[in-house]
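Single-structure report; data block below.
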Amino acid sequence: MFDDLRDLYQEVIFDHNRNPRNFRVMEDADRQVEGFNPLCGDRLTLFLKMDGDQIVDASFQGSGCAISTASVSLMTEIVKGKTEEQAEALFKQFHEMTTGKEENIDLEAIGKLAVLAGVREYPARVKCATLAWHTLDAALKNEESSISTE
Ligand code: ZN
C-alpha cells in the first residue's frame, strides 16, 4: 500500500473514532444486539430499524478501541438502505478483506470500508474490526441478543 493512501486511511479511522456516526440509542429499534470482543474489551450495542428486509436505520452505543469504534461507525453508515442480503454480502467481503483471504478487494462494492484493510497485518486487531459485523449478522438473523467474538 502506498504511504499516502495509508495516511488517508488512518485519517478516516481517526475521524470516525473521534466523531462516531450514528452514535445514539434508538428507542424504537426493531433489533438490538450486544457485541463483545473480550480480547480487546470492545463492547457495543447495535440498533436496527427494519422495513421488511431493508435496513432503514442503524445506530450504536458502546465503548471500544479506535478500530472497533471506526468500524461500527462506518458500518452503520454503509448498511442504511441496504437489504439483509446486500448487508450479508458486504459482511462476507469485509471478512475476506480483513482476514486476508481475498487479495483482490472489490473497492467499488466495499467503498469506505477499505480503510480497514490494514488490520489484516495485525491479526490481534481483526476481531476489533469484525465485531460490528458479527453483531450485525446476529441482529439480521434475529436469534441472539448478545454475541462474543470468543
Ligand atoms: Zn479493539
- request: Check residue 121 against each of (1) within 16 Å of the ligand (Cβ to nearest atom); (2) among the acidic types (Asp, Glu); (3) in contact (Cβ under 8 Å) with a residue 40 or more places away in the chain and name the one condition it does not meet.
  value: (3)
- prompt: Which condition number does residue 56 fail, the rest of (1) within 14 Å of the ligand (Cβ to nearest atom); (2) assigned to a strand (DSSP E or B); (3) surrounded by fewer than 16 Cβ atoms within 10 Å (Cβ to Cβ) being met?
  reply: (1)
message: Could you go through the range 27-40 and let me know if any residue there is surrounded by fewer than 17 Cβ atoms within 10 Å (Cβ to Cβ), touching a residue at least 24 places away in the same chain (Cβ under 8 Å), within 18 Å of residue 145 (Cα to Cα) and within 16 Å of the ligand (Cβ to nearest atom).
response: yes
Check on residue 113, away from the ligand (no atom under 15 Å from the Cβ), at pLDDT below 95 and in contact with a helix residue (DSSP H, G or I) (Cβ under 6 Å, 6 or more places away or on another chain): yes
task: Assess whether residue 3 counts as being open to solvent by 10 Å² or more (accessible area, probe 1.4 Å), at pLDDT below 95 and more than 16 Å from the ligand (Cβ to nearest atom).
output: yes
- prompt: How many residues does the range 90-104 contain that are of a type outside the set (D, E, K, R) and open to solvent by 50 Å² or more (accessible area, probe 1.4 Å)?
  reply: 4
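The values are calculated or read from the model by the stated rules, or taken from the named source; none is laboratory data. Values in this document were obtained by computation on a predicted structure and should not be read as measured data. When we count neighbours, we look across all protein chains shown, and the Cβ atoms used for this are built from the backbone with ideal geometry, even at glycine. With ligands, DNA and RNA removed, areas are computed over all heavy atoms of the protein, side chains included. Shrake-Rupley method; radii C 1.70, N 1.55, O 1.52, S 1.80 Å.
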